[in-house]
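Participant: My questions will all concern the structure given below.
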Amino acid sequence: MIVRIYETGEITVYRNIYERLFEESSLGFVHNKMIFDENHQAIDFIIVNANQAYLNQMNATREQLLSKPISLLGTNANHHLEGWIKSYEKVFSTDDTVEFIQYSGLLRKTFFVRAFRISEDEFVATIDLYDSYKQAFEQSKIEQNLILNAIAEGIVVVSKTHEITHINQRANDILGYDENLSLLGKNVFSVLFHQESEDKQALFTKNIDRLPLYNRMTKLQKNDGSWVEVSVSILKKTGSYSDIGFVISFQDISQLEGLKRELELSEHTKKILVDHLPGMIYRCKVDQQWTMEYVSEGVKILTGYEPEEIINNKLVSFNDIIHPNYREMLFDDWKPIIIDHTNFEKEYMIITKEGKNKWVYEQGKPIYDESGKAIALEGIIIDLNKRRERDLEIEHMIYHDQLTGLKNRLYFDETVEKWDQSKSYPFGVMIANIDNMKTINDLYGRAAGDQVILDFVNILRAYEKKNYIVTRTGGDEFSLIIPNANSQLTYDTMIEIQDKAKAFKREDVYGLSYQLSVSCGFETKTSDETTIKDIIRSAEDFMHRRKLIAHSRSNRDSLSSIKATMIANSQETQDHMERMGEIALKVGIKLGLKQTTMDDLYLLAMLHDIGKIGVPFHIINKPGPLTEEEWEVMKRHPLIGYQIAISSVDLKPIADGILSHHERFDGKGYPNKVSGRDIPLIARIISIIDAYDAITQDRPYRPKKSHEAAIEELKKHAGTQFDPDIVEIFVHLFE
């Protein structure tokens, strides 16, 4: 619903304010319109408006994003947008604000998103970068310092040995110290009273039982030696053991008005700071039990124990709370810290009173006496469990595909790089691409396409149990990393996956009945002679070659047109081509050919006689023997086929094979009378298979012969017409 507002001057002012807030906010704001299909499934969205912060986060301009479907921004982005669309779609199932964490593979950033619906198909979202727990911890420390510095009084936090552990900016200002001059660790009396420090410390010790003290008027000595009149309050930590630390606050009474009210607020703030800092503040002895002399109230939330149960090991020592796997390590890690007078930082695990494991982060430092001996350790321990759980969730989103649950492209890239750098040879890389996915999505919708993908994923999951790395690296592309695999194992795995996919059929899903078809390629990394990028590129090239071969079976491509022309204008049949291809692959496997050669061999088996489309029909189909002139015309077909293939990007790799498939091993063939192993290997193989098929099939000028007769014919001409080694392997195939 659109409401027209006739603006008054005041409304215009407010609208200008809101528009300025929208544009100048550091938080990304975006107004989107969702696009649904006929089943009311979200399939895309349009950005209606966005502020500059959002455009900066997306690394884009208004012209690139506004008023355009997101799917049109680039085909490479479509896979990564699936997660955004599915997350945003939840907005339309509730009236509440939806919150989620979303990783962008394109931008390699993680965002925290809050979104809510404003109409049937429109919604608004705020987007901000999501920081890690260490960044959050640093922010927490900044906020604590901000609280101290925001207090109008000077605040000095003192240990039980009278050393300054914290001092705020106001205290530095009153005492005349530069903010960069650290007073931490210095005796508080020497700082506040200089030469009179010993007398003041003795007086303080004598009257310690009178604490707390409030609003006592006294003088403190400044950095330049002058004195300043202040109102001082000293707050002792409440509890059974109250001699372990103090908070001293003071105010220059000549500069402030309403001193009493502000001092009361300040005392309350100091108590909150001491008792409610996040996590557990502690002071303990330097012993292997970590005997606690003081713990803050936060210990109960952190460990489940009351402070009095831990202090002086009354019920349990803190060492007993530390997980056994970390006890000795922590003690050893503290030793150099104490010797070197440095700060301690560590993440480790504790066991709570309920027996649950919990991750914590500790930061502390040693406290020394006048002789330099470590007499205590002081610090803070905070809960990391929620942060760790969020980190695991984020890591899962970063490294997993949302639709299939498989590892994603980022995980594949990082893993294959890591295996390469650690020289974990040999390992195989296999790439599989589901055929005809665009057609399925276009004709039957995304839901049907997703079902095809999930069906193939179910086949691949069996290989995860073999410790293979199975990833989805594109919309219809999957990549496997096979450990301890030579070329044969990787090839066998590829063939096995192709066969399983081919055997899978599904009936009437979303109006679609289909049989899975995938094109695969592989390569094996056996040394550092070839880069991992070249290995992956080789596997991708092989996969695309396989897809070309698969597509050649379709009636919609150029190769099919050529095959149809061959069949129409010659004695070639589809069955002949298929038989040739199947036998060629068996011979190639027996010879241990690489996949690229196998692909060329298969393609040559089907298209070796492509040149016959340039031979007159009456010569090709003549039922009797050819005349000498007709034979000369027929012998031109290898050269015609070569010229066709060399001009085609797809057929160029087999051009020499087409030219040479009628050459003889003894050099008496045509067209170039090449002999021996100068004849391309795939041409030598095809000449044997073609002869065998010709002998065992009917021809217009003679009937077919038996398999045994064909084998004898091949043996008879081994070494003259045919390569004898390949003949021997060919014969063994049928034994």
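Participant: Calculate the length of the line joining the C-alpha centroid of region 392-427 to that of region 149-199, in whole Å.
Facilitator: Taking the Cα centre of region 149-199 as reference, the centre of region 392-427 is 52 Å away.
Participant: So how far apart, in nm, are the two label points at GLU629 and LYS90 if each is 7 Å from Cα heading toward Cβ?
Facilitator: 8.3
Participant: Still on this model: What does the charge count around GLU362 come to, taking other residues whose C-beta lies under 12 Å from its C-beta (Lys +1, Arg +1, Asp -1, Glu -1)?
Facilitator: Here the count lands on -3.
Participant: Moving on to the next point. Please give the FRET efficiency for SER371 paired with LYS346, using the beta carbon to beta carbon distance and R0 = 22 Å, rounded to the nearest 0.05.
Facilitator: The formula returns an efficiency of 0.20 here.
Participant: Within region 613-683, report the trypsin sites (Lys or Arg not before Pro) that DSSP leaves as loop and that have at most 13 other Cβ atoms within 10 Å.
Facilitator: Passing both the DSSP loop test and the Cβ count: LYS668, LYS673.
Participant: While we're looking at this one, here's another question. Nearest 0.05, what FRET efficiency do THR696 and GLN488 give at R0 = 25 Å with Cβ-Cβ as r?
Facilitator: Computed FRET efficiency for THR696 and GLN488 comes out at 0.25.
Participant: Okay, next question. Can you tell me the length gained on complete extension of the stretch ASN621 to ASP128, counting 0.36 nm per residue apart and subtracting the Cα distance?
Facilitator: Numbers: separation 493, 0.36 × 493 = 177.48 nm, distance 7.40 nm.
Fully extending the segment from ASN621 to ASP128 adds 170.1 nm.
Participant: Write out the trypsin sites (Lys or Arg not before Pro) in region 292-381 meeting two conditions: DSSP loop, and at most 12 other Cβ atoms within 10 Å of their Cβ.
Facilitator: LYS356, LYS373
Participant: Binned at 10 Å from 0, what are the whole-percent values of the Cα-Cα distance distribution for the chain, short to long?
Facilitator: Values per bin, smallest distances first: 2, 10, 14, 14, 14, 12, 10, 8, 6, 5, 3, 2, 0, 0.
Participant: Over 26 Å between Cα atoms, which of LYS502/LYS705; LYS622/LYS705; LYS90/LYS418; LYS109/LYS407; LYS90/LYS386; LYS465/LYS505 qualify?
Facilitator: Where the Cα-Cα span goes over 26 Å, the pairs concerned are LYS502/LYS705; LYS90/LYS418.
Participant: Straight-line reach from LYS219: which lysines fall under 25 Å, measuring Cα to Cα and dropping same-chain residues less than 8 apart?
Facilitator: Output for LYS219: LYS160, LYS186, LYS200, LYS206, LYS236, LYS237, LYS260, LYS270, LYS271.
Participant: A further question follows. Find how much the distance from GLN363 to ARG461 grows on full extension, using 0.36 nm per residue of separation minus their present alpha carbon separation; answer in nm with one decimal.
Facilitator: So the extension gain works out to 30.9 nm.
Participant: A follow-up question, please. Any idea what the relative contact order of the chain is, in percent, if you count C-alpha pairs under 8 Å spaced at least 6 apart?
Facilitator: On the way: 1163 pairs, mean separation 38.5, N = 735.
Relative contact order comes out at 5 percent.
Participant: Any aspartates and glutamates with Cα under 14 Å of the LYS500 Cα? List them, leaving off those in the same chain fewer than 8 positions away.
Facilitator: Cross-link targets: ASP455, ASP492.
Participant: Also, I was wondering about something else. In nm, to one decimal, how far is the modelled label at ASP450 from the one at TRP227, with both set 7 Å along Cα→Cβ?
Facilitator: 8.0
Participant: Where in region 479-505 is the amide nitrogen less than 17 Å from a point lying 7 Å along the Cα-to-Cβ axis of LYS423?
Facilitator: 484
Participant: What FRET efficiency comes out for THR597 versus LYS68 if R0 is 45 angstrom and r is the Cβ-Cβ distance? Round to the nearest 0.05.
Facilitator: Plugging the Cβ-Cβ distance into 1/(1 + (r/R0)^6) gives 0.45.
Participant: Given contacts defined as C-alpha pairs under 8 Å and at least six residues apart, what's the relative contact order of region 563-722, whole-number percent?
Facilitator: 20
Participant: While we're on this one: Within the accessible area of region 290-420, what % is carbon and sulfur when the probe is 1.4 Å and the other protein chains stay in place?
Facilitator: Roughly 48 percent of what the probe reaches on region 290-420 is carbon or sulfur.
Participant: Quick one: which of LYS547/LYS704; LYS314/LYS373; LYS525/LYS586 span more than 28 angstrom between C-alpha atoms?
Facilitator: Cα-Cα > 28 Å for LYS547/LYS704; rest within.
Participant: What percentage of all Cα-Cα pairs in region 271-364 are separated by more than 24 Å?
Facilitator: That tail contains 16 percent of the Cα-Cα pairs.
Participant: Which distance in nm do the two modelled labels at ARG216 and LYS673 give, with both placed 7 Å along the Cα-to-Cβ direction?
Facilitator: My value for the distance between the label points is 12.1 nm.
Participant: Accessible area per residue of the chain at 1.4 Å probe, in Å²?
Facilitator: Computed with neighbouring chains in place, this is 53 Å² per residue.
The values are calculated or read from the model by the stated rules, or taken from the named source; none is laboratory data. In this text the structure is predicted, and so the values were computed from the model without any measurement. So basically every Cβ, Gly included, is an ideal-geometry build from the backbone, and we count neighbours across all protein chains shown. Accessible surface is based on the protein model in full, side chains and every heavy atom, while ligands, DNA and RNA are left aside. Shrake-Rupley method; radii C 1.70, N 1.55, O 1.52, S 1.80 Å.
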